[in-house]
Amino acid sequence: MSEMQQAGNGSVALTRETLTPSVQRIGGRDIEITFLGENTYGQPTWIMWNADEPFLIGMLCQGKMGYHFEQRTSSGTMLHENISLSRVQRALGG
């Protein structure tokens, strides 16, 4: 797998450079995405923060069938399982 993954033109790009944040414009807002490495299940894991204010947006893990995105919302936590990167982008408002 290459250093950057991209779902298509203008969509979410994920780096595999550990603990090096990158800021991307998704859905009209800047989101800081940081690769944390592999979790206890051996899945690549990223964390997403609002780049303008210090609050957590969610955590993304790459599974066998797609991505698992645990998203923080005003009404609680939403878990999206086995979704594509384009679906992650839509969940972020893009």
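The values are calculated or read from the model by the stated rules, or taken from the named source; none is laboratory data. Only a predicted model underlies this, so the values are computations on that prediction, with no experimental measurement involved. These area figures cover heavy atoms from the full protein model, side chains too; ligands, DNA and RNA do not enter into them. Shrake-Rupley method; radii C 1.70, N 1.55, O 1.52, S 1.80 Å.
Taken over the chain, the convex hull of the Cα atoms encloses 100 Å³ per residue.
Solvent-accessible surface of the chain, taken per residue with a 1.4 Å probe and all protein chains present: 59 Å². The relative contact order of the chain comes to 20 percent, based on Cα pairs under 8 Å that sit 6 or more residues apart.
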